[in-house]
1. Can you give the calculated 222 nm mean residue ellipticity of the chain, where each DSSP H run of n ≥ 4 adds -39,500 (n - 2.57) and the sum is split over every residue, rounded to the nearest 500 deg cm²/dmol?
2. Semi-axes of the equivalent ellipsoid for the stretch 199-284, please: Cα gyration tensor eigenvalues, times 5, square-rooted, ordered largest first, whole Å.
3. Please state the relative contact order of the chain as a whole percent: Cα pairs under 8 Å, 6+ residues apart?
4. Would you look at the GNM of the chain, springs on alpha carbons closer than 10 Å, and say which of 205, 362, 117 moves the most?
5. Can you divide the C-alpha Rg of the stretch 240-360 by 2.2 N^0.38 Å and report the result to two decimal places?
6. With springs connecting C-alpha atoms under 10 Å apart, model the chain as a Gaussian network and identify which of 118, 151, 211 has the largest mean-square fluctuation.
7. Considering the chain as a Gaussian network with a 10 Å cut-off on Cα pairs, which listed residue, 154, 104, 195, attains the greatest mean-square fluctuation?
8. Starting from the Cα gyration tensor of the stretch 236-305, take the square roots of the eigenvalues, sort them a ≥ b ≥ c, and report rounded, prolate or oblate (rounded when a/c is under 1.5, otherwise prolate if a/b is larger than b/c, else oblate).
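Values quoted throughout were computed directly from the atomic coordinates according to the rules given, and no laboratory measurement underlies them. As the structure is a computational prediction, the values presented were derived from the model and not from experiment.
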């Protein structure tokens with residue numbers, strides 16, 4: 001306060017606009033006849049500062065005056081933010097209402113394209129969102145990345161505002177960056193209640209992003225709890241992304257927790273579906289050394305002799321990892337011990353080249369054709 005008084009004595013307008021953070025600012029403003037048109041270095045006005053510091057008296061003066069203290073409620077700083085953006089950001093409801101009553105544009109966009117409703121959704125401010133909606137806020141406004149307020153709700157788990165938006169008719173299927181929907185976002189960030197709300201209100205379950213991935217891909221990749229909801233709601237469990245990988249593949253690649261749910265709904269012919277490099281789900285299960293999943297896949301009819309684009313079988317993969325237990329399991333269910341990759345390599349070749357002596361002995365004891373060793 002002392003510093004402000006000293007500056008006031010030296011150059012009274014040097015305290016504009018930040019002086020409104022201090023007591024007696026309304027009195028100082030009127031007595032000293034300060035220049036309210038001055039901006040801070042980031043082009044924030046005295047109205048921005050009054051809003052930030054919840055100085056309702058100064059806000060009323062600046063908005064209601066018809067004289068030299070009158071300010072436009074839609075002034076923008078260098079980030080394109082209006083005082084209404086500030087009112088939302090700092091959760092000053094009464095000032096937000098005051099600004100709107102005096103002509104603040106509820107759909108004003110900052111330089112990122114975010115409207116006040118975007119901010120309210122992101123900050124989980126349901127009352128603010130309700131205020132904005134009741135005064136004409138665009139429910140489906142998109143920022144520069146195409147995000148709507150609903151996408152922000154899906155990211156942060158703002159269930160109350162999401163319900164409010166849906167009750168007022170928001171487009172729940174609108175897509176943003178990389179063609180993602182709010183269901184993709186809630187699935188990635190483990191916002192179960194949001195995902196459940198979206199599913200209950202009929203969001204397109206099988207919407208694909210630019211990589212051809214649905215929300216189940218996201219849930220499995222991110223290790224969230226949404227996968228069971230999506231599977232039991234009927235999402236396409238065999239949707240192939242641009243790499244040809246389905247949620248079934250993802251379950252084995254990322255060690256998901258819903259393999260049994262997927263297998264229970266899987267057509268028998270789909271268990272051996274290959275991705276673009278020719279790998280089946282069983283290949284990936286062996287790669288990750290997941291014995292439980294390997295056994296489960298085999299019990300459901302996975303082809304133990306399926307070859308990828310290099311001609312490698314699951315037995316080859318297990319040999320490369322010196323996974324003796326997996327090799328014994330595969331051999332016990334009919335894996336071809338003499339299978340050759342496209343360049344003629346067998347499991348015994350791998351064992352010998354890598355000096356996996358125990359593995360080589362096992363293969364020989366099981367009758368591998370040692371003449372195939374190159």
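1. Value at 222 nm, helices only: -12000 deg cm²/dmol.
2. Three semi-axes, in Å: 19, 14, 12.
3. Computed value for the chain: 6 percent relative contact order.
4. Ranking 205, 362, 117 by mean-square fluctuation puts 362 first.
5. Here the answer is 1.02, to two decimals.
6. 211
7. With Cα springs under 10 Å in the chain, the top fluctuation among 154, 104, 195 is at 104.
8. On the way: a/c = 1.28, a/b = 1.15, b/c = 1.11.
Here the stretch 236-305 falls in the rounded category.
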